[in-house]
There are 2 protein chains.
Amino acid sequence: MFATIKRILIGRPLKSTELGEQKLNKKKALAILSSDALSSVAYGPEQILLVLVTVSMSAFWYSIPIAVGVLILLTALILSYRQIIFAYPHGGGAYVVSKENLGKYPGLIAGSSLLVDYILTVAVSVSAGTDAITSAFPGLHEYNVPIAVCFVILITILNLRGVTESASILAYPVYLFVLALFILIGVGLFDILSGGVSPERHAPIGTPVAGISLFLLLKAFASGSSALTGVEAISNAIPNFKTPAPNNASKTLMAMGILLAILFSGIVFLAYYYGVTPIEEATVVSQIAEQTFGRGFLYYAIQGTTALILVLAANTGYTAFPLLAVNLAKDKFIPRMFMIRGDRLGYSNGIIILAILSIVLIVAFHGKTEQLIPLYAVGVFLPFTLSQSGMMVKWMRQKPEGWVAKLLTNTIGAIISLIVTLMFFLTKFNQVWTVLVFLPLIILLFRKINKHYEAVGEQLRLTTCEPAIPIEGNVIILPVAGITHVVEHSLNYAKSLGANQIIAVYIPFEREDEAVFEEKWKKWGQEVRLVTLLSPYRSIIQPLMKFIDTVERKAKEANYQVTVIIPQFIPKKGWHHFLHNQTSFYIRARMLYRKDVIVTTVPYHLKK
Amino acid sequence: MFATIKRILIGRPLKSTELGEQKLNKKKALAILSSDALSSVAYGPEQILLVLVTVSMSAFWYSIPIAVGVLILLTALILSYRQIIFAYPHGGGAYVVSKENLGKYPGLIAGSSLLVDYILTVAVSVSAGTDAITSAFPGLHEYNVPIAVCFVILITILNLRGVTESASILAYPVYLFVLALFILIGVGLFDILSGGVSPERHAPIGTPVAGISLFLLLKAFASGSSALTGVEAISNAIPNFKTPAPNNASKTLMAMGILLAILFSGIVFLAYYYGVTPIEEATVVSQIAEQTFGRGFLYYAIQGTTALILVLAANTGYTAFPLLAVNLAKDKFIPRMFMIRGDRLGYSNGIIILAILSIVLIVAFHGKTEQLIPLYAVGVFLPFTLSQSGMMVKWMRQKPEGWVAKLLTNTIGAIISLIVTLMFFLTKFNQVWTVLVFLPLIILLFRKINKHYEAVGEQLRLTTCEPAIPIEGNVIILPVAGITHVVEHSLNYAKSLGANQIIAVYIPFEREDEAVFEEKWKKWGQEVRLVTLLSPYRSIIQPLMKFIDTVERKAKEANYQVTVIIPQFIPKKGWHHFLHNQTSFYIRARMLYRKDVIVTTVPYHLKK
């Protein structure tokens, strides 16, 4: 039944050779990989105004130079990641770049902070999208958490079905969102140029403002740069592109950068020109749309596509997280299971873990994940800084043709990213300090996992170790609970193995029982040696363990192998298990943890 | 660590031979087995007045004849159970008596309704006791449920330590309660005889009352007979008594009957003479105590011991439930595990199951288990009726000396019990209808369990079946995942067993991998045959299962046994398990459910 449900939800399994067909073309890739970045224009401009409004409304003109700063940062990031795409055509993004150029630990910092960040992407984006929907339908507001969880599950199923199929579904809302904002910005600019908007609604650029400070402007800049979260997604996902992957990825990245730049500057400019003040009841985009179109069809279209793209932004996390996990698993920093492709060729384990962790975050924060935004931004800008520093090192080492220009690009990017990261720590320490606690813990865990895998590999490799001790004979121990068909079957099996010695073991709780059983065995036991272990405390496992210890010690001297044969009932129906003592299960579990004892389970299938 | 905590709470394990020392003497048995019955005088008289008050206060004099009725019922029950004790000296009470004389199904009705009833005893008594305590300290009222749960856990631990030790602790409160009520009744009667109480406070016996009906009087009688719950406990627990067990049990039963009769009639009479009206704020006993002593030390002593004995009444359930469970398990109606004695020689599984189920009831009803009282009473009177009908049948069949008197005793008891049971169904149907749903379901379950055990016994018995098919040879299948020390070790073991055929199986996901491994095996494989099963859908279990199917079919023709050898990593630390695929676990589980395949687990202990 579980298999059938899985089939319906996920689709039929795909052969490994069908992998090529799952690759993305540019149009689909743009939709699937840029929804996170593009959706951030829904809150990025607002973040700038939220800082400036703490001074006065006349400070709003500063949003224009700040937006120019963000655009410069965006340009630097896009150019830098373009260089990364060509330098690392197999993907990996910040993790691979930092690891190769700066060393293991910077790589792990970048990798683990991105890993956590993708979880935050899903939680924050889905919550924000849900908020937008329940703002439109206030009756649903109390169901915020279950709605958000349903969205996560829905996106998870789409991703488990496979990358291409989910892309087809996800492409439309992204392009609709871009189209809707283009219309908004176009109509807004036309209104302004045709003189339909009074220029008195905003203070002119350059108006002196009392109380403004560099600290405040940097804080506003840092806040505004949260609109750039998500631009790294493409460079991580190069293996998902159709060949030639690097060229396609690079073109997609440029297209995304241009779209993001247009939407971001358009929204910032309109907000400034219209004199929009951030209020709690309506977002900045919503206010602009209302002033431009009134509360008509186009207003609702913009609100609707905004909500949708926010939910879909979560999908970026679903594309990037499993791929990054594969890279970390290949380097043996996280469990191997993240490298296994599922039925539909996606990395199912990564997808499922991401879904579970983001649902935990949504439930733990009751769907109010806005407080996580600064944390989320830090988790992006930390790897930005590291990967660009890595590229700086790379250019200085390798000095390819035109390396000075490349170095300059990455240096500018690195410095601005570093400033943004530091600004977050300086201005919003109480929201981002957890990074300083959790990142070291995660890296410590990754190191422990790595050490374990290395140690296992060491122990298994045939070339480096002495050959295994030869097995020169076998001793079989057969615990018996009575004289039944089960025991008969096990005894026949033990005899067929041609062991050097077979010992049947019986554990009576009372002396009378001991004598009775010994008598019975004499008649029935086919001359197999019987040992009885009286157990006055009614424990089966302890005396058996002690006995096996003794046998094992002797066997070892002769290089004999000890095998314990345990009969096990297999009832016909699952609930019947409750009706039988689970002794054989306990014995097997305890036994396997003892060195050099092999456990053989002889099933006895009950027919009724 | 778990073992140490267990030791501290439960005490050192006891040898089976120490069982005799755990038996009860009469004084301890009275305390341990009668707290349930005696504690019911705390609410029994009140139940009568609660019905009569619906007519008028002048109807209160009917409580005297009703009490006489209850005393007759009590006498009949005590005499009947005395006869049962001698007729069934090995205990078993209503279940055994009904089963032997009336047949399997009446026995199961009695047994299962008592089994459920003991759970209700624990839940109802502990909740009522907790209520009494939190009424005295209203600040604790909101913690009713956790306090009640703590009491259950405490009583459970006492019972897991063993019967005698818990009896020593429990004896004092019971005797204190009896002493306190004796003083109350004595002082009250002295006051009345010395003329200290005005006789005008009550209507004289025989006053005509408007609106009284036979139905109402029977309802009051049924309610009042809830004071008799618990009198069957002694007859179930005969094996717990010191020898001569039946004599000791019979004397204890008589003592309990006399105590119960005195306390019950004393309370009813004082309530009538004082003209006490049941109110919500104070129980009837509390009102009598207040009028007799004022709110002084003796008042609080009575309230305190009442609260304590109610909590301890739960202990009756702990004594009776496991013993009844043993009887049902011996007859193969409930899982065998209820027959196993724990470290301290108590039937730990029964004790623990009882604790869990009563905690579930307490939590589910938020500690307000008063609504369960009628259900609880029905669960007692149904088996009363059945066991006494059983005794009637027994006397009529066996006709021992003086059987007519014995038959008469039991007949009276049976008829009154039946009337009480029917009255509950007639007057409180909305509170007791669940019995009609759950009892049949429980009995159905018991029957299914019984059928399963009978079928298993049938299959295992050597005499009734054909001899096992001889094993004339062995085929060993060895799944390999690479060429490592683990595989080397398993291969050596397989070879040492002298099987007729060893087949190594490798499952590649891609064609290239297949060829590479075949090449490697040629050099390394010690001439063991290798089969590769290409798995394009990346499943390990499915192709392996299919292959084993084929091998098994061939092997069967030659009476060969198929064994699958599965290597298993045993990491040094528990958390390392998460770092390895659990393939070997899945293979073993799937394998064992297939007929005739034996699974051998070769542990490979990682050293780091």
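Comparing Cα centroids, the stretch B:69-131 and the stretch A:199-223 end up 86 angstrom apart.
Which entries in the list A:K23/A:K332; A:K556/B:K556; A:K6/B:K546 go over 32 Å, if you measure between the two C-alpha atoms of each? Walk me through the intermediate numbers first.
Working: A:K23/A:K332 26 Å; A:K556/B:K556 35 Å; A:K6/B:K546 22 Å.
Those over the limit are A:K556/B:K556.
Once you have a ≥ b ≥ c as the square roots of the Cα gyration tensor eigenvalues for the stretch B:473-605, tell me rounded if a/c is under 1.5, and otherwise prolate or oblate according to whether a/b is larger than b/c. Cα axes put the stretch B:473-605 in the rounded bin. Starting from the Cα gyration tensor of the protein assembly as shown, take the square roots of the eigenvalues, sort them a ≥ b ≥ c, and report rounded, prolate or oblate (rounded when a/c is under 1.5, otherwise prolate if a/b is larger than b/c, else oblate). In terms of gyration-tensor shape, oblate. Rounded to the nearest 20, the size of the Cβ-charge dipole of chain A about its Cα centre is 1660 debye, with Lys and Arg at +1 and Asp and Glu at -1. For B:V599, the residues 5 or more places off, or on other chains, whose built amide H falls under 5 Å of its own are A:T601, B:V564.
For A:T434, the distances from its label point to the matching points in the remaining copies are 4.2 nm, ordered from shortest, with each point set 7 Å beyond Cα toward Cβ.
The spacing between the stretch B:397-439 and the stretch A:515-557, judged by their C-alpha centroids, is 53 Å. Note on A:470-477: average number of Cβ atoms from other chains within 10 Å of each residue's Cβ is 2. For the peptide B:451-459, the mean number of other protein chain Cβ atoms found within 10 angstrom of a residue's Cβ is 5. Highest mean first, the peptides A:406-416, B:469-479 sorted by other C-beta atoms within 10 Å per residue fall in the order A:406-416, B:469-479. Under 18 Å of direct C-alpha separation, and excluding same-chain neighbours fewer than eight residues apart, A:K26 reaches these aspartates and glutamates: A:D36, A:E165, A:E232. Amide H contacts of B:Q501: B:N474, B:I476, each under 5 Å away and 5 or more positions distant or on a separate chain (H built 1.01 Å from N in the peptide plane; Pro and chain starts excluded).
Legend: mean number of C-beta atoms from other chains within 10 angstrom of residue C-beta atoms, peptide A:479-489, equals 3.
Amide H to amide H distances under 5 Å link A:T532 with A:Y506, where only residues 5 or more positions off or on other chains count and H is placed in the peptide plane.
Got the A:H605 label distances to the other copies yet, label 7 Å along Cα→Cβ, in nm, shortest first? The answer, with the shortest distance listed first, is 3.5 nm. Applying a length cut-off of 30 Å (Cα extent along the axis) and a mean Kyte-Doolittle floor of -1.0 to the DSSP H helices of chain B leaves B:63-87, B:104-136, B:163-193, B:245-274, B:297-330, B:373-398, B:403-427, B:434-460.
May I ask you to order A:305-314, A:26-35, B:519-528 by the average number of other C-beta atoms within 10 Å around their residues, highest value first?
A:305-314, A:26-35, B:519-528
With label points defined 7 Å past Cα in the direction of Cβ, position B:R201 shows copy-to-copy spacings of 8.6 nm, given to one decimal and shortest first. Within the straight-line cut-off of under 19 Å between alpha carbons, the lysines reachable from B:K28 are B:K242, B:K251, sequence neighbours fewer than 8 places apart in one chain being disregarded. By the helix-only formula, in which each DSSP H run with n ≥ 4 contributes -39500 (n - 2.57) and the sum is divided by residues, chain A has a 222 nm mean residue ellipticity of -21500 deg cm²/dmol.
In chain B, taking the dipole from charged Cβ atoms about the Cα centre, the farthest positive-side position among B:I469, B:A589, B:A148 is held by B:I469.
Each value in this text was obtained by applying a stated rule to the coordinates, not by laboratory testing. Everything numeric here is computed off the predicted structure, so don't read it as measured data. Positions of Cβ are backbone-derived with ideal geometry, glycine not excepted, and every protein chain shown enters the neighbour counts.
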